Every structure is written in C-alpha cells, then in structure tokens.
Amino acid sequence: MVPPVHFTERVTMTDSTDAGPVLAADGTPLKKKLAQALFVSRARAFGLVLPLLAFILVSFIIPILSLMVQGVKNDTYSANMPASTEIMKGWDGISEPTEKMFAALVLDLIKAREEKSIGRVATRVNREVSGTRSMFTKAARKAGKLEAPFMAAMLNIDEDWGNIEVWGAMKVSSQTYSAAFYAAAVDADYNADGSFERLDEKDRIYVYLFIKTLLVSLAVTLACLALGYPVAWLLASLPMRTSNLLMILVLLPFWTSLLVRTTAWIAMLQSHGVLNNVFVWLGITTDETRFSLIYNMTGTIIAMTHILLPFMILPLYSVMKGISPAYLRAAKSLGATNWTAFWRVYFPATIPGIGAGGLLVFILAIGYYITPALVGGQDGQLISNFIAYHMQKSLNWSLAAALGGILLVIVLAIYWLYDKVVGIDNMKMG
Amino acid sequence: MSALPPYATLGQRVWYYAFRVICALIFIYLITPVLIIIPLSFNAEPYFTFTSGMMGLDPEAFSLRWYADIFHNGMADPDATEGWWADMWQNAVWIRATKNSFIIGFWATALATSFGTLAAIGLSRSEMPYKGLIMSILISPMIVPLIVTAAGMFYFYSNDFNPFIEGKQALAGSKMGIILAHAALGTPFVIITVTSTLVGFDNSLTRAAANMGAGPVRTFFKVQMPLILPGVISGGLFAFITSFDEVVAVLFLAGPEDKTIPRQMWSGIREQISPTILAVATILVIISIALLTVLELLRRRSERLRGISPG
C-alpha cells in the first residue's frame, strides 16, 4: 500500500518569504515524496497485470503479428534463388530478358536442385502465373548440363522461357516484401512493374466471398434480432419464477457444445432428417421433393442463427430488465396506442441492448468456421473456411495471412465501434 | 406484456396470445435440436433419423449399441474378458479424447485463472496506467476471429524463426501448444467476471488488513480472495467451458494423439458419420443440464441466504 507520509513540526506552512518547499519526515520535498508514492503504487498495479500481459503478448499477439508479416513477406524465392533475385532488381519488368539474367537463373536452378528447394520455388512462381511449375522443375533437371549461351539453351528446353510474363512472375516472386498476396486477396494481379490490375470477372473469388460473409453475418444478426427481441421482452416482463424457468431454454443451448448443436442440426435438416420427415408427414412436401435444407447456405444460416441466438437474447434481456414497466403504462395513460407506446417509449430504451447483442453476434458470425465447414457444403463456405483451406491444404500461407489480415481489420473496426457505442467494460456474460 | 387487464380490447387480446405463440415457437426452435438427439442416439440402426420402428415405439428399434461403441471404438479387442479395462483405458478413441479434453482444460483453466485474477486485481486499481489500452489487449482473444488466432499460432509454433522453440513442429502438434492457445482464449472471461466482482469491492478492507500488520500476500489470500472467489470460480468455469468446447485451435495445433472430444466429433461428422457421435452428444447435453441445474440451485440458495426470494 501507499507508504504513509509523516508530517512533523519541521513542516512549516508559514507565509514567510524564505520558506522552502514543504518537506516530508525524511527531509525530501513532499511533492517529490507523493510522486514517488504514486509511482510505486502504479508500478504495483502494473506488476500484477504484467504476467498476463506478457503471456498474451507472447502466446497470442506475436503469433498473429508474425502471421500478418507473412502476408507481405515471402522469401521462398529470394532465399533460394539469390543470383537471379539480385539481377532482377535492376530489370524494369518490360524489356526483353538478357543473357545475364538467363545465366543467373541457370546458376540458381542448379543450386536449388542440389538443395532440393526447387519444388517450393516452382510452387511460389506458379502462384503468380499458373503452368510455370513444370517449366521450373524441368529446367532444373537439365540445368547442370547447360552451356553458354544460356538464353538459347533455356529457350531450347521450353520456348516459354522467352515469355516476359514468366519473368514478370519471377520478379514479383523474388521480392521478399511485396503486396502480391494482399492483391491476390482482393482479386487483383500485382505486376512486375509495380502496378495492380483487377482479375477477369470469372477469376474473382475473394471480394465476392468477403461480401458474402458480410451479408451472411448481417442476415444472421437480423434473424437473431427478430427472434431474440420478443423472447427477451417476454423473459423481462414475466414474473421472476416463470422467467427463470424459461431462461433455462435459452441457457441450455448456450451451454451445450457447439459441435453437439451442429450435429443436432445435421440430424434435423438432412434430406431424410427429422424436419423433412415431419414435412412429408404433414403433406407439405412429398417423398420425392424433400427440401434440401443442409449442405447449402440455408443450412448455414439456420444453424448459425440457432447457435448465436443466446448471444443476442442475453444482452437484450439485461437491458430490458432495467426498463421500468411504468414507462409503458405512463405512455398508454397519456393516450398512446400500444404501437406508439412501444415504438416511441420502449424501443428507444432497448437500443443499447440491440447495439450490444447485434455487434456481438455480428463479430462472432463474421469469423465463423466450424458450422459452415460442417453444414455449409459448397455454397455455404465463408471466408474463414478459405483461410483454413490455404493454411492446411494448398499451403499458401501468405495468401491465408492476407485474407486473415483483411478479416482482422474488419473485425477490429467493428470492435472499435462496439467499444465506442457500448464500451468493453459493460460487456455482460448473461 | 404483463398480465392482460380486464378492459383489454379484442385486438389487444389477439396480440397478447399471438405474441405468446410466437415466443413459444422461438423457444421450440431453441430447444428442439438439443433435445431431439437424445432419442435419436438410442437408434438400433446406423441412421441419423427416426426409423418407422422408433415411431411405433417398437422396443426392437431401440438399442444401446452406440453407447457401447463409445468404449469399443479403437479398442484392440472389445470382446476379450481379460484386460478389457486396460484396453479400453489405453486405446478407446473417445476415452482418450475425454482424457485429453480434461488435461488440456485443466491446465488452460489453471493458467487463465491465475494470470487473469492477478491482472483483474491490477486493472481495477485506480492507479493502473494505460488501463484502456491494456484492457483492449487482454480482451482481444475474445474478439479476434478464432480462425486467425489458430492460423497465427499454428504458423508461429511451427516456424523455425520462432526464438522460443528449437526445431520445427516443437509446439504445434503437442498438447503444450493447445494449452497455451486455450489459456489465451480463456483469459478474457476471467478478466471480465473478476473485474465485475471487484467493482463492488471495498478497498478499505485491504487497508484495514495492512493496518493490522498483514503483508500483501496474506491480505490477498485471507481478505481479498474469499470475497472475490465467486467471480474467480465463474470466470474459471467459463475458461474451462471455452477450452472444453473449442475445436478450431485443436484442428490446427493438435497432433494425432491429442484429439479432444469436439475434435473427435469433428472427424466423426467429417469421416465416418455414425450415431456414436449422437450418443456422445447426448452425454454432453445431460452434463450441460446437470451443470445448469446445479448453477440454478446455487443461485437460488445464495438468493435465499441474502433474503431475496424469487417471484
């Protein structure tokens, strides 16, 4: 705790002109002593936070930042093909490749083949211009036997070695730091001369995917609001005993494992599942024309809404609980109709809850991975699923990092908004 | 929405009941999927749907085979009499997953709760510098999309530039990596619950303890800790549930031996879909129901002790 500051008779507070600064017991100025005490208590508070801060920085923040760096940095080419990397720095990306460049390339190919890194280099260049992978592996196999002039020798192996596009791809790959992956993440091509160019209509994937993810998140948020608002209102207005019982119906799904709920929706929605059987039995559809409710966007939205609904109900409920029922009665006694009383009095008071629940659901929905992966099929995949795909299957980590970086920026922007509107200190856990 | 007054008009009456019907439908939507898997898990056939026998309540159509399969799956010889228990304990995939879930959950919770409680105490002191900034950093694991977290950790823990580990794949593909990831994901819950408990904490109590000669450590354990314990426990519970339910980080960081229950369910759904996962799901739902009941009873008890009766 704060060390006590002792005042003694020596501390004189006279108004005489020669009085020095107010002194503490040990003779130091009081001001300094107080500053010291404040510093000690701040250091103590900080010392308590420090272990966790260090832990979060090392095990969470730094890993994410290192992945973000991978989004702009890729040294697969420059680390394994040093000679051609060096010589291409002076190449403008437009003029014809020179004999010197070919010589450096051959040198690098021999080295990369010896070090068995040619596969990775070829994959890297192939990501810029597809079809170049085999050119590299083939040339590397024959590079050891080539003799000057190398340009003619290389063209002899494959005419495409004279293609400026291939060299452009190599130049882009050879840049350790480049915007190539961020460009790819927004469906653009990063050229050797530093310009960007949008891909053809048919090759665009990711911008559409980001928009789709945002729209799905918005749809899920609106669905949660539409379903959560009446339920929260009912829970807030019923007597405590009844509402506690009904609250269990909200809390049980909330506490149930995500995988359990996803499994349950597979059982519910599949073509011979519970829901379709009920529809057939009710005569809504026939056995031949069962609805396809799962492994598509419909299934993703139904399951995600169910999983995120408690995150909307709980903040709404805690806000509605604080609104006095007297307000509605007062409005009605002053002549408002039911609708006016709700719309002009009750609804505005619930807006903080809508903001809190809505942003929470939206943030969770935008990064959803498990449910779309299991019930989404082809059509219901979101941006997270593509990040996982590039991390685990295609091993294009830099593209995964760039996609993740864009997703992170979107989420942090919403979080910032959330903090401004609701405040992170007001976050409630139901 | 309180009880219908006697002078309510017809329209008000219709709306009153319509509103209740709408709410009932939403409650059905919330609870049906969770409950429907319970009867489905007793299916005698390897289907995810009610067979005609089950609809007719034919005893033949029900069986416990999928519950038996939880133990048998992965065992070297499920029919052996000798060494059955050892075999099950060692080899059954779901048993191994359960062990992994508890080991990982325990260590992640221990890390998250101890660091998180200390940090929450520091954060609720008025002298704490840069409070807003530090709070946002510490809460961030809850905000950053799981996929970005998992991918980042996988990349960091499996990369050779990482100064903290030697050699490749040192932490990715081990329980240690998952424990660190889950601890990071659990801390925001501990911080939020403990800080909110500390809002009502009377700081003169610690000053009184110090005044009576107790050191900071003694003050913490004898005075502060007993008072904030409910917050710490519920924060720890949240951290444990987070770890127990988390699968994205496990998908990225776990080796083949480190599969947890949700990870095993994931491969169950992806690879060989069988009602065994429904049986596991049923057990998990029953555990959730038990947990909720205990929490509700505890809440009622504490309300009764404080003299607030429900209703």
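The values are calculated or read from the model by the stated rules, or taken from the named source; none is laboratory data. Predicted model only: the values in this text are computed from it and were never measured. Note: ideal-geometry Cβ built from the backbone for every residue, glycine included; neighbour counts use all protein chains shown. The area values use the complete protein model at the heavy-atom level, side chains included, leaving out ligands, DNA and RNA. Shrake-Rupley method; radii C 1.70, N 1.55, O 1.52, S 1.80 Å.
Tabulated results
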| read-out | value |
| --- | --- |
| Some residue of the stretch B:199-211 being part of a helix (DSSP H, G or I) and at pLDDT below 85 | yes |
| Considering residues of the stretch B:243-263 that are in a helix (DSSP H, G or I) and open to solvent by 30 Å² or more (accessible area, probe 1.4 Å) only, the residue farthest from the other protein chains (Cβ to nearest Cβ) | B:Glu257 |
| Residue in the stretch B:32-49 that is surrounded by the most Cβ atoms within 10 Å (Cβ to Cβ), counting only those that are hydrophobic (A, V, I, L, M, F, W, C) and facing chain A (nearest Cβ under 7 Å) | B:Ile37 |
| Selection count, the stretch B:221-237, where residues are open to solvent by 30 Å² or more (accessible area, probe 1.4 Å), within 12 Å of chain A (Cβ to nearest Cβ) and in contact (Cβ under 8 Å) with a residue 12 or more places away in the chain | 1 |
| Elements of type helices (runs of 4 or more DSSP H) contained in the stretch A:108-189, each with 1 or more residues being open to solvent by 40 Å² or more (accessible area, probe 1.4 Å) and farther than 20 Å from A:Ile87 by Cα | A:118-128, A:133-143, A:150-157, A:180-185 |
| Number of positions in the stretch B:110-142 that are more than 8 Å from chain A (Cβ to nearest Cβ), open to solvent by less than 20 Å² (accessible area, probe 1.4 Å) and out of contact with any Ser or Thr (no Cβ under 9 Å at 6 or more places or on another chain) | 1 |
| Boolean, B:Ser158 is more than 8 Å from chain A (Cβ to nearest Cβ), over 30 Å from A:Leu259 (Cβ atoms) and either at pLDDT 90 or above or open to solvent by less than 50 Å² (accessible area, probe 1.4 Å) (or both) | no |
| Qualifying residue in the stretch B:94-103 (condition: more than 10 Å from chain A (Cβ to nearest Cβ) and farther than 28 Å from A:Leu258 by Cβ) | no |
| Near pairs, Cβ below 6 angstrom, 6+ apart or cross-chain, from the stretch B:41-66 (farther than 11 Å from B:Pro275 by Cα) to any residue that is among the charged types (D, E, K, R) and outside any strand (DSSP E or B) | B:Thr51/B:Glu45 |
| Residue check for A:Ile323: within 18 Å of A:Ser217 (Cα to Cα), aliphatic (A, V, I, L, M) and out of contact with any Asp or Glu (no Cβ under 7 Å at 6 or more places or on another chain) | no |
| Residues that are open to solvent by 40 Å² or more (accessible area, probe 1.4 Å) and in contact with a strand residue (DSSP E or B) (Cβ under 8 Å, 6 or more places away or on another chain), drawn from the stretch B:50-74 | B:Phe50, B:Phe62 |
| Filter result (β-branched (Val, Ile, Thr), open to solvent by 10 Å² or more (accessible area, probe 1.4 Å) and not in a helix (DSSP H, G or I)) within the stretch A:239-284 | A:Ile284 |
| B:Leu278, sole failed condition from (1) away from chain A (no Cβ under 11 Å); (2) touching a residue at least 12 places away in the same chain (Cβ under 8 Å) | (1) |
| Given (1) open to solvent by 60 Å² or more (accessible area, probe 1.4 Å); (2) among the hydrophobic types (A, V, I, L, M, F, W, C); (3) farther than 19 Å from B:Pro188 by Cα, number of the condition B:Trp107 does not satisfy | (3) |
| Test result for B:Ala290, among the small types (Gly, Ala, Ser), surrounded by fewer than 14 Cβ atoms within 10 Å (Cβ to Cβ) and modelled with pLDDT of 85 or more | yes |
| Wholly enclosed helices (runs of 4 or more DSSP H) of the stretch A:322-375 bearing at least 2 residues at pLDDT 90 or above and crowded, with 23+ Cβ neighbours inside 10 Å | A:347-366, A:370-375 |
| Unique residue being in contact (Cβ under 8 Å) with a residue 40 or more places away in the chain and either closer than 25 Å to B:Arg263 by Cα or facing chain B (nearest Cβ under 9 Å) (or both) when the list is A:Leu227, A:Leu234, A:Leu246 | A:Leu227 |
| Residue in the stretch A:210-217 that is assigned by TED's automatic domain parsing to the domain that holds A:Gly357 and more than 17 Å from the chain's Cα centre (by Cα) present | no |
| Selected residue (only one of A:Pro315, A:Pro310 is assigned to a helix (DSSP H, G or I), modelled with pLDDT under 90 and open to solvent by less than 40 Å² (accessible area, probe 1.4 Å)) | A:Pro315 |
